[in-house]
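The values are calculated or read from the model by the stated rules, or taken from the named source; none is laboratory data. Note that the structure is a prediction, hence the values are computed from the model and not measured. Here the Cβ is made from the backbone with ideal geometry for all residues, glycine too, and neighbour counts use every protein chain on show. When the accessible area is computed, the model is the full protein with side chains, heavy atoms only, and any ligands, DNA or RNA have been set aside. Shrake-Rupley method; radii C 1.70, N 1.55, O 1.52, S 1.80 Å.
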Amino acid sequence: LDSLKDIADMTIDIERQNAAGSELYLDGQELELVSVEVDGRSLSSNEYQLQNEQLILRELGQQHQVRIVTRIHPEQNTALEGLYRSSKMYCTQCEAQGFRKITYYQDRPDVLSKFTTTIIADGEQYPNLLSNGNLIAEEQLADGRKKVTWEDPFAKPCYLFALVAGDLAVLEDRFTTMSGREVKLQIFSEPHNIDQCHYAMDALKRSMRWDEERFGREYDLDTFHIVAANDFNAGAMENKGLNIFNTKYVLANPETATDADFDGVEGVIAHEYFHNWTGNRVTVRDWFQLTLKEGLTVFRDQSFSADMSSHAVKRIEDVQGLRAGQFAEDAGPTAHPIQPKEYIEINNFYTSTVYDKGAEVIRMMHTLVGEEGFRKGTDLYFDRHDNSAVTTEEFISAIEDANGIDLTQFRNWYNQAGTPNVDAKGVYDAEKQTYTLTLKQNTAPTPGQPEKLPFHIPVRMGLVGADGKDMDLTVDGKDAGTETVLSLTENEQTFVFTGVKEEPVPSLMRGFSAPVKLTTDLKAEQLQFLAAHDSDSFNRWESAQTVNRQAMLAMIDDVKAGRELTMPTMLIDQMRETISNPDLDNQYKALMLRVPGYSELAQAVD
């Protein structure tokens, strides 16, 4: 790129992979074509064709070098896709189809290339000239312009291309990887913001170490850059080695930022870094596979944030967000599977369903195979598909092959929309000392999918005795410890627990083990018992919320009937139990005491 706003000069080496066809179709939008060369020879206008936002080169042989020069106008780029100007800074946003606004190219995620990028610009106005990869050359030209060259040794699709040019302050640090390599870390932002970037740098280093320890993934370049731009409209973007963020997700000043702000910075910094392996090194074959990289990376950033703070609080907050956003999406006219089959506009793919429900689907696989099995599966996935563009099917297959598990029915989560309803009823037989749990699932019709096949739903559960402790479980004749995962695969299934010496209280869907709506036949007293004693922190909170919701709905009925409004004694007792419990941390207590919000109550009122 020369002088940024004038010329994009691209040279690509191409080689035909099959015998069919001699035409090359290159995508382009809002471009002014200056010249086209093939193997050093300029083509006349009758040797190529511009048609339907494509540049078509014909009668090509097996291997060529193609050079394309285009004129672009970043200052006029109000779509903020491709290369555009943000205040006094130039930056790019190429996911999903922004690169075609820079130059003509095969703008598809399955076209992987090694990029070498040279930027030439006024050295005084734009001292910081950044792109993907490692810096291999830098010089000051005689006319006052600056020339830098970056080389990315890893093949990537063009949606991961990035460029930033500006006059920015920098915060610098170092990180030593598990193999002993030293990586230079730099965060760039406007000078008045740079003092608020320290927490982001700390979060980045913790993310890098966590990814090594939890998933065995080591960073692979000599430098890692983050740029914080006030006007970046995409939130954050995982471009290889050069992440670009809106300042909201980088800046955090202890004097003005809330705990939620710090958590947001930590989570987004981690998310974009984790994409280095789940999205960049292994990328998507096409945009119908978007949940492959986003669902998996959301699961990874949620796991990281939980390890950095409170597993209980993080899980509750994630489920609250899922219910508020994705459940509503599943219940509305735009309901769609996590892997949609068609789209009109690619940017409409970036939904809570694809991201958040996609993360829940990954979490269910983790629940089914366990932490060790999931690590074996991801190791196999990376070994098989490094530097490749793949599909969700290849990820599922890696989990299957590494663990000897059949996930055929589980694939319904990828193909069917809607939130399943699970109804649970239990019967205790004191004479036989058995507890029989019957689970039923059904999913309401969604647009285009009137009939639903049963999902494979992992139900993590335990039985709680009168002493408040988990009972030892024997289910269907097999010892299962004090907690087990039941696989609900039919519309109705019955599970029989034997050797149950007293009537238990079931604790179902522990950790919110599946994105479903659960109904039970538990009485208020049993729910209050779980809220006080359940060993699963999520279900303890869930039970308290159910008691709160039922009490508040009853109070609404009292108001409608003109009866005197009183606070139920059970609710007061539950709050007192929570406040006085020394084993609960204050952040978790705050969530336990928080009553259901207006929108949640409104959904429950007929």
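Derived from the Cα gyration tensor, the three semi-axes of the equivalent ellipsoid of the chain are 51, 27, 22 Å, largest first.
When Rg and the Kirkwood Rh are both derived from Cα coordinates, the Rg/Rh ratio for the range 250-313 amounts to 1.07. Structural descriptor for the chain: relative contact order 8 percent, calculated from alpha carbon pairs under 8 angstrom and at least 6 residues apart. Note on Met178: accessible area is roughly 110 Å² with a 1.4 Å probe, heavy atoms of protein only.
The trypsin sites (Lys or Arg not before Pro) of the range 321-406 meeting both criteria, a DSSP state outside H, G, I, E and B (loop) and at most 15 other C-beta atoms within 10 angstrom of the site's C-beta, are Lys341. Of the Cα atoms belonging to the range 129-255, the radius of gyration and Dmax stand at 15.1, 50 Å. Mean separation of Cα pairs under 8 Å and 6 or more residues apart, divided by the residue count, gives the range 40-184 a relative contact order of 21 percent. Net charge of the neighbourhood of Ala398, taken over other residues with C-beta under 13 Å away and scored Lys/Arg +1, Asp/Glu -1, is -4.
3J(HN,Hα) along the range 158-170: 5, 5, 9, 5, 9, 8, 9, 9, x, 10, 10, 7, 9 Hz, from the Karplus curve 6.51 cos²θ - 1.76 cosθ + 1.60 with θ = phi - 60°, whole Hz, x for Gly and Pro.
Can you give the Rg/Rh ratio of the range 329-439, where Rg is from the C-alpha atoms and Rh is the Kirkwood radius? Write out the running numbers ahead of the final one.
Values: Rg = 18.1 Å, Rh = 16.5 Å.
Here Rg/Rh amounts to 1.09.
Taking the C-alpha atoms only, the angle from helix 524-533 to the longest principal axis of the chain is near 60 degrees. Estimated at the nearest 10 Å², the accessible area of Leu488 is 0 Å² with a 1.4 Å probe.
One chain, two ends: Lys248 and Glu372. Fully extended at 0.36 nm per residue, the span grows by 41.1 nm beyond their Cα-Cα distance. Note on the chain: antiparallel DSSP beta bridges, both residues inside, total approximately 85 percent of the bridges counted. Over the chain, DSSP H runs of length four or greater, each weighted -39,500 (n - 2.57), average out per residue to a 222 nm ellipticity of -9000 deg cm²/dmol.
Based on Cβ point charges of +1 for Lys and Arg and -1 for Asp and Glu, what charge dipole magnitude is obtained for the chain about its Cα centre, in debye rounded to the nearest 20? List each step's numbers first, then the result.
Values: 58 positive and 97 negative charges, 76 e Å.
For this selection, approximately 360 debye.
Here the gap between Glu213 and Glu394, fully extended at 0.36 nm per residue and compared with their Cα-Cα distance, gives a gain of 62.8 nm. Using a probe radius of 1.4 angstrom, the carbon and sulfur fraction of the accessible surface of the chain is 47%. Computed from the Cβ-Cβ distance with R0 of 51 Å, the FRET efficiency linking Asp383 to Arg563 stands at 0.20.
Peptides 281-290, 33-42, ordered by how many other C-beta atoms sit within 10 Å of their residues on average, highest first, read 281-290, 33-42.
With each label modelled as a point 7 angstrom along the Cα→C-beta vector, the Asn586-Glu30 pair spans 5.0 nm. Pairs exceeding a 21 Å alpha-carbon distance, out of Lys205/Lys240; Lys478/Lys517; Lys184/Lys293; Lys88/Lys146: Lys478/Lys517; Lys184/Lys293.
In what order, largest first, do Thr498, Thr223 sit by accessible area if the probe radius is 1.4 Å?
Working: Thr498 55, Thr223 20 Å².
Correct descending sequence by accessible area is Thr498, Thr223.
Cross-link partners for Lys523 among the lysines, with Cα-Cα distance under 28 Å and sequence neighbours closer than 8 places in the same chain left out: Lys314, Lys425, Lys432, Lys440, Lys469, Lys501, Lys560, Lys589. DSSP beta bridges confined to the range 7-157 are antiparallel in about 100 percent of cases.
Taking the Cα of Asn52, stepping 7 Å toward and past its beta carbon, and measuring to each backbone N in the range 28-42: which are under 18 Å? Residues 28-30 fall inside that zone. Gyration tensor over the Cα atoms of the range 1-99: the corresponding equivalent ellipsoid has semi-axes (square roots of 5 times the eigenvalues, largest first) of 28, 14, 12 Å. Straightening the chain between Asp429 and Leu141 buys 95.0 nm, computed as 0.36 nm per residue apart minus the Cα-Cα spacing. Summed over the residues of the chain and divided among them, the accessible surface reaches 44 Å² per residue at a probe radius of 1.4 Å.
What GluC sites (Glu not before Pro) does the range 244-335 have in DSSP loop regions with at most 13 other beta carbons within 10 Å? It would help to have the intermediate numbers written out before the result.
Details: sites: Glu255, Glu266, Glu272, Glu294, Glu317, Glu329; in loops: Glu255.
Listed in order of number, the matching sites are Glu255.
Bridge orientation summary for the range 183-294: considering DSSP beta bridges with both residues in this region, about 15 percent are antiparallel.
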